[in-house]
Amino acid sequence: SQQGEEDPQALSIQEGENATMNCSYKTSINNLQWYRQNSGRGLVHLILIRSNEREKHSGRLRVTLDTSKKSSSLLITASRAADTASYFCATGSGGSNYKLTFGKGTLLTVNP
Amino acid sequence: SQTIHQWPATLVQPVGSPLSLECTVEGTSNPNLYWYRQAAGRGLQLLFYSVGIGQISSEVPQNLSASRPQDRQFILSSKKLLLSDSGFYLCAWSGWGSDYGYTFGSGTRLTVV
């Protein structure tokens, strides 16, 4: 079953704008991770935020986590056409990171 | 540095034929290994994971099986493919502990005809 659910399913913006994607989950987690997938390729790990963290930054990426609302957001600032991809959140729970559960993803299109 | 290799990149197989997809990891020891399947427009479904040689856990009942004959080799197999086995198969590895992200292979696009 899907643990994380991303919202929106699809997002189209212009280059230079910011893109925000949200993720909701159902059970308690150890951490939440965001991945990127270019069409027809494997997923690439972007950032991991632990359950005791509220915000994390990596370059143009900003991730927030609200465990009380069981939600996370991924903000990509100053987007570029090369950011066009699907973005997935994944949650690790149950006392180990052996199994990550992925959402269905948000398809981000950045128009030049 | 660690690398993960997955092949073939694409595969077209007739219904009822066998399947063998291979994944190998370099540059690390005793990785956790995973097979995921991604249907078109969908998220990733965990099929199998392994925490050591010969140790395989299956997540969903299906027509597939997995094996780990060596520490850094993970194989996905089927004796007889079904149409419903079509999809994008992804192998991944992670380190031990709860603070590791996954590193994915480039995927295999399987079409069963």
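Listing for the model above:
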{"quantity": "Listed residues A:Ala81, A:Ala90, A:Ala19, most fluctuating in chain A (Gaussian network, C-alpha, under 10 Å)", "calculated": "A:Ala81"}
{"quantity": "Test item: A:99-112 mean partner chain Cβ contacts at 10 Å", "calculated": "3"}
{"quantity": "Calculated from backbone phi, Karplus (6.51, -1.76, 1.60) coupling profile of the range B:26-31 in Hz, x at Gly/Pro", "calculated": "10, x, 8, 10, 6, x"}
{"quantity": "Per-residue Cβ neighbour rank within 10 angstrom, fewest leading, A:Thr64, B:Thr108, A:Thr27", "calculated": "A:Thr27, A:Thr64, B:Thr108"}
{"quantity": "Semi-axes of the equivalent ellipsoid for chain B, Cα gyration tensor, largest first, Å", "calculated": "23, 14, 13"}
{"quantity": "Computed over chain A, Kirkwood Rh from alpha-carbon pairs, angstrom", "calculated": "13.9"}
{"quantity": "Computed Rg/Rh of the protein assembly as shown, alpha carbon atoms with Kirkwood Rh", "calculated": "0.97"}
{"quantity": "Normalised contact order of chain A, rounded percent, pairs of Cα under 8 Å and 6 or more residues apart", "calculated": "39"}
{"quantity": "Within straight-line cross-link reach of A:Lys69, lysines at Cα separation under 27 Å, skipping those fewer than 8 residues along the same chain", "calculated": "A:Lys26, A:Lys56, A:Lys99, A:Lys104"}
{"quantity": "Test item: B:43-53 mean partner chain Cβ contacts at 10 Å", "calculated": "4"}
{"quantity": "Inter-centroid distance (Cα atoms) of the range A:1-73 relative to the range B:60-113, Å", "calculated": "24"}
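Coordinate-derived values only; no laboratory data. These numbers come from a predicted model, not from an experiment. Every residue, glycine as well, gets a Cβ built from its backbone with ideal geometry; the counts of neighbours run over all protein chains shown.
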